[in-house]
Amino acid sequence: MPRTPLRPGAPPRIPHPSSHRAAPVATAPFALALALWHAACVVGPSPGDPVPAPDSTELVGEVRDYLTATAVPSAGLETSGLSPELSARGEEDGSFALPKVPPASSFFLRATAEPYYAPVVMTARVDEGAERVRVHLISTADLQRQYATAGLAPDAGTTMVIVHVTDLDGHPVSGVLRSELQLQTADGASVAGQPFAFGPLGDIDPGLASSSAAAGARFAFLGVAPGTYTLRYACAACSPPRDATAPVLASGGASLVKLATTLPADPIEPSADAAFAIFARGDAGGRGCARCHTAGGAASLILDDDAAAVRDRLLAIAGMIVPASPDSSSLLSKPRYETPANHPNATFLDGNDEDYRLLRAWIARGAP
């Protein structure tokens, strides 16, 4: 969207000596102000001066048809996981801008363009600067065709969860078995059975047992009831074994989920230093907590002191660290996704987030 640039105010007009017989003499305060104005315009801030962090950023991008990649005009967009929730309306060319997003936020983004398209939910994350994303919408006809191909009829309010299995570089992974993917509730129960694999023609193929790179390594769970779930990929036969998860929100229509499969990482020893690294600003490699939780910031709890001081401060606050019940600790429950949100933004969409699990292990050990 076009923006009107901010223009610095023009300097006071100083009469040229040739225009008057006697130019007025500037007073001392005026001369000082003029000198400071010129210094600011010519010199600017020193390279070492701290750059103040903005209170918010924006999510920009475009909305396109999932199968044809054509632009979808005037789509509606709304968040789930922020407080307050945000919404926007896309442009005719499919572009959109969602302003005032709290930095270091993870949330679900829902797009709609009825009646021709079904609502679609995907995850989004905004770190320190503006993020650009591509949002896809699935036409009602395309969605219904997937159910018909499987010999099913969609129940009202249920969701088709489409999974893209990729490596860390975003390339589709072939050979992933249907049986290696599960959609699980919070208590670990599996729902919706095994997914269907997509074929190279763009629709699901009930006869396929595994993914192919040519088809984009995609799967679809059909008829998923409304709720939040964890998508889990477990390959015990892989060497070494692999296990990956992703959060899912089902709210009708379709949900698009990207699942990045990785080799198991070396475990990080839970410690105050490891926790402190998570609290750091996004541009310092953390999850952005210190953006607001800093001296003079929007939050009263300071998390950008040295690690030992942060640990002592957390232990001194009742309910912040609960070793006997780590998930009930305010340090985890406040920034965890829930509706309605009890925090300006969600840092963790679910308890399977790698940083969440590290903090949980640290708390369970008594925050040493």
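Among Y356, Y229, Y117, the ranking by other beta carbons within 10 Å of each residue's beta carbon, starting with the fewest, stands as Y356, Y117, Y229. Each residue in L152, L177 was given a count of other beta-carbon atoms within 10 angstrom of its own, and listing them fewest first yields L152, L177. Cβ-to-Cβ counts within 10 Å put L222, L359 in ascending order as L222, L359, the fewest first. Of interest is the spacing of the C-alpha centroids, which for the stretch 76-107 and the stretch 288-357 amounts to 24 Å. Our summary gives the stretch 167-307 a relative contact order of 16 percent, counting only alpha carbon pairs under 8 angstrom and 6 or more residues apart.
No lab work stands behind these numbers, since they all come straight from the coordinates. As the structure is a prediction and not an experimental result, all values here were calculated from the model. Note that we place each Cβ from the backbone using ideal geometry, even for glycine, and neighbour counts take in every protein chain shown.
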